[in-house]
Amino acid sequence: MSRCIDGVKSVFFTNFNSIKDWRASIDFYYMPIDFKNNCNLGYAFVNFHDPDQALLFKEKFHEFRLPLYQQSNKVLAVSEARVQGLEANVERFRNSSVMGVLKEEFKPMLFDKSGNSIEFPKPDGDLPALGPRFRRQR
């Protein structure tokens, strides 16, 4: 993530459940959920207000072993996200089927620079049905 200083602000990371200590540094957070069993899929997408904060996050957590899981072979992996920036992340998800799920905690979240939750923009129209995830063709 050395390009972070050049503007990379969105990161993708795995095996991490808590972002609360970083809320004042981020403006977008989404942890995809398996809707059948209400468990997270083990990864999340985060966008930072400032690229330097994304770099600090990576330096602190990349290849970090969670304290409660020291015997596990799972470690955090932080990498650049395919979608970069707050506006691009909002556009990616505002018309997504995940915005139609009933539980607010399963939806992407937005934060102001104080870490307070702010309302996610409403969809442009009807949302697609919730279904299996497929990797998008590039």
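The values are calculated or read from the model by the stated rules, or taken from the named source; none is laboratory data. The shown structure was predicted, so the numbers you read here are calculated from the model rather than taken from an experiment. Methodologically, a virtual Cβ is constructed for each residue, glycine included, from the backbone with ideal geometry; neighbour enumeration extends over all protein chains shown.
Residues of segment 87-117 that are buried (at least 16 other Cβ atoms within 10 Å of the Cβ) and on the phi > 0 side of the Ramachandran plot: none at all.
One residue alone among Leu55, Leu41, Leu66 is over 21 Å from Ser114 (Cβ atoms), surrounded by fewer than 19 Cβ atoms within 10 Å (Cβ to Cβ) and either within 13 Å of the chain's Cα centre (by Cα) or at pLDDT 85 or above (or both), and that residue is Leu41.
Among the residues of segment 71-86, just one is outside any loop (DSSP other than H, G, I, E, B) and either loosely packed, with under 15 Cβ neighbours inside 10 Å or modelled with pLDDT under 85 (or both), namely Ser79.
When only residues in segment 102-130 that are aliphatic (A, V, I, L, M) and under 17 Å from the mean Cα position of the chain (by Cα) count, which is farthest from Ala44 (Cα to Cα)? Here the residue is Ile118.
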